[in-house]
Structures are given as structure tokens and as C-alpha cells.
Amino acid sequence: SDLYRRRRELERALGETKASHAVSIKETAARDATYRLASAVIEGLREATGELVAKRAAAIGPSLDRIYARVDPHPGFKSVQLVSRVWNKRGRLDTEIRDSVKGLHSTAPHVVLSSSQLNALALSVFLALNLGVSRPPLEAVLLDDPIQSLDDVNLLGVMDLLRRYKARRQLVVSTHDRRFASLLQRKLRPATPTGSLALVRLVEWTRSGPILQQATIRSADSPWRIVRQGGS
């Protein structure tokens, strides 16, 4: 009777093991199906994201090219575009500069351009991305000391660029360079009676906080000025 009881227990344990194994097989199959579905969804999202980024890059491209051409930092690489690609299953957005005359292009601008030219390129990309937003939550461009590493030629190109786009965005520019601040004051002076230019100068720091000087510059009474040169 002991052997019979032992056999019954083993048969019952075997049945439970088989039932548990069957449940495990079903769960494993369900998990495999979920994994395959999730992988397909992720791959679809990756492809959709890549297509969306490529479309946005193509839409911003003409504006970026115009902005970069206005600064014109390099004598050969006069064109730029944003290139979307997938590398190691991850999306990348590269800045590609082009020399259409010699048929050259590079997605590593830091190898080709100087620090001044790189700064002008970075500013161009930043402005193009900002202006590419049709309805931004804040219609403003904030630039913290944008003249770093800029030479005089590229600085004039940046000033012309800022003056051109100040009507589309409110510009907030900070700088520690007095000459650049004076140039900004002259070049960004409002051309219409409704426009204004606010100047905030940090005079000094005290224990109570910073001391600031503020002034508001309006448009000139007349857009023309007569300059007399020579004797009486």
C-alpha cells in the first residue's frame, strides 16, 4: 500500500509539473509575441521619427542656407544643410557644409572650419531652427555673447543677420564687449516709431546686488542724416 500511495503521489506531482510546464510554454509564447510586436512598434516609430526629422530638416534647409549665406563665413563652403541619417540604430542629425564649385562636402565642419567660422555656423543653425518654428511659445531669440571667437569679417556678417531678422523675433543679446554693445546699439536701432531698443548695462556688483543702468532708444526722427565735412 505504501508503494501504491507513493506512486499516486508521483503521478499527481508529474501531472502538476506537466500542467505547469504547459502554462510556462503558453506564457513564453505570449511573451515572445509581445516582444515581436513591441520590436515592430519600436522599429516603426524609429522609421516614422526618421521620416519626420528628415521632412523638418528639408523644410528648414532653405532658410538655413540663406542665413548661412548671409553670414558667408567661408570662401569655399558656402552652402549648408541638415542631414538626417541612422547610425547604429540611432537617429543622427548632421550639419553638412558644401563646396558646389569643387563638389566637396563634409559632415564634420569642425575639421574644415576655424573656430570663428564654426561659431558663425552654429549661430546660423540656431537661428534657422528658431525661425523654423511657426508658432513658438515665445517669439524671441536669446543669445549669450554670440561674438566669441568671431573675427571682424564674421562679426559684420552676424550683425547684418541680426538686423535682418529682428522684425521676426525679439532679440535679447548679452555681451561683455563694449565695442560690440555699441555696434549693436547703432545697427539695431529701431526704424519705425513703434519700435524700441532697450539697453541694460551692469555697472557694478555690491553686497545688495547688481547696480544697473537702463535706457530705451527710440527710432530717429528722420531716417536721413546730413553730414558736413570740411571747413565753414
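The values are calculated or read from the model by the stated rules, or taken from the named source; none is laboratory data. None of these values were measured; they are calculated from a predicted model. Quick reminder, even Gly has a Cβ in these numbers, built from the backbone with ideal geometry, and neighbours come from all protein chains shown. The protein model used for the area step is the full one, side chains on, heavy atoms only, and it has no ligands, DNA or RNA in it. Shrake-Rupley method; radii C 1.70, N 1.55, O 1.52, S 1.80 Å.
Here are some notes:
- Cα point-scatterer Debye curve for the stretch 28-72, base-10 log of I(q)/I(0) at q = 0.18 Å⁻¹: -0.64
- Rounded to 5, the percent of DSSP beta bridges in the chain classed as antiparallel: 80
- Take the chain and mark each of the trypsin sites (Lys or Arg not before Pro) that is in a DSSP loop with at most 12 other Cβ atoms within 10 Å; the longest unmarked stretch, sites excluded, is 1-88.
- Amide hydrogen neighbours beyond the local backbone of VAL141, cut-off 5 Å, H modeled: GLN170, LEU171, VAL172
- Within a straight-line Cα-Cα reach of under 16 Å, LYS18 can be paired with the following aspartates and glutamates, leaving aside sequence neighbours fewer than 8 residues apart in one chain: GLU9, GLU27.
- Label of the coordinate-derived value, P(r) over Cα pairs in 5 Å bins from 0, in percent, listed as (1) 1, 5, 10, 13, 14, 14, 13, 11, 8, 6, 3, 1, 0, 0; (2) 1, 5, 8, 10, 11, 12, 12, 12, 11, 9, 6, 3, 1, 0, 0; (3) 1, 5, 9, 11, 11, 10, 9, 7, 6, 5, 4, 3, 3, 3, 3, 2, 2, 2, 2, 1, 1, 0, 0, 0, 0, 0, 0, 0: (3)
- Gap separating the Cα centres of the stretch 32-49 and the stretch 115-164, nearest whole Å: 39
- Sulfur and carbon atoms: percent of accessible area, the stretch 36-152 [1.4 Å]: 56
- HN-Hα J in Hz across the stretch 59-76 - Karplus 6.51, -1.76, 1.60, θ = phi - 60°, x for Gly and Pro: 5, 7, x, x, 5, 4, 5, 5, 5, 5, 5, 5, 6, 6, x, 10, x, x
- Residues in the chain average 75 Å² of solvent-accessible surface per residue, probe 1.4 Å, ligands and nucleic acids excluded.
- Computed from the alpha carbon atoms alone, the convex hull of the stretch 72-203 holds 156 Å³ per residue.
- Full-extension gain in nm, GLU11 to THR206, via 0.36 nm per residue minus C-alpha separation: 61.3 nm
- Residue among LEU45, LEU212, LEU118 with the largest mean-square fluctuation in a Gaussian network model of the chain, springs linking Cα atoms under 10 Å: LEU212
- Across the stretch 64-78, the residues whose backbone nitrogen lies under 11 Å from the label position 7 Å along the beta-carbon direction of ASP160 are 69-73.
- Using only Cα coordinates, the Kirkwood hydrodynamic radius of the stretch 52-132 works out to 12.9 Å.
- Under 22 Å from LYS166, Cα to Cα: lysines that are on another chain or at least 8 residues apart: LYS187
- Amide hydrogen proximity for SER106: with H placed 1.01 Å from N in the peptide plane, the residues at 5 or more positions away or on another chain lying under 5 Å are ILE97.
- Inter-label distance for VAL53 and SER219, nm, one decimal - labels placed 7 Å from Cα along Cα-to-Cβ: 4.3
- Net charge contributed by nearby residues that have their C-beta within less than 15 Å of GLU43 (K/R +1, D/E -1): +2
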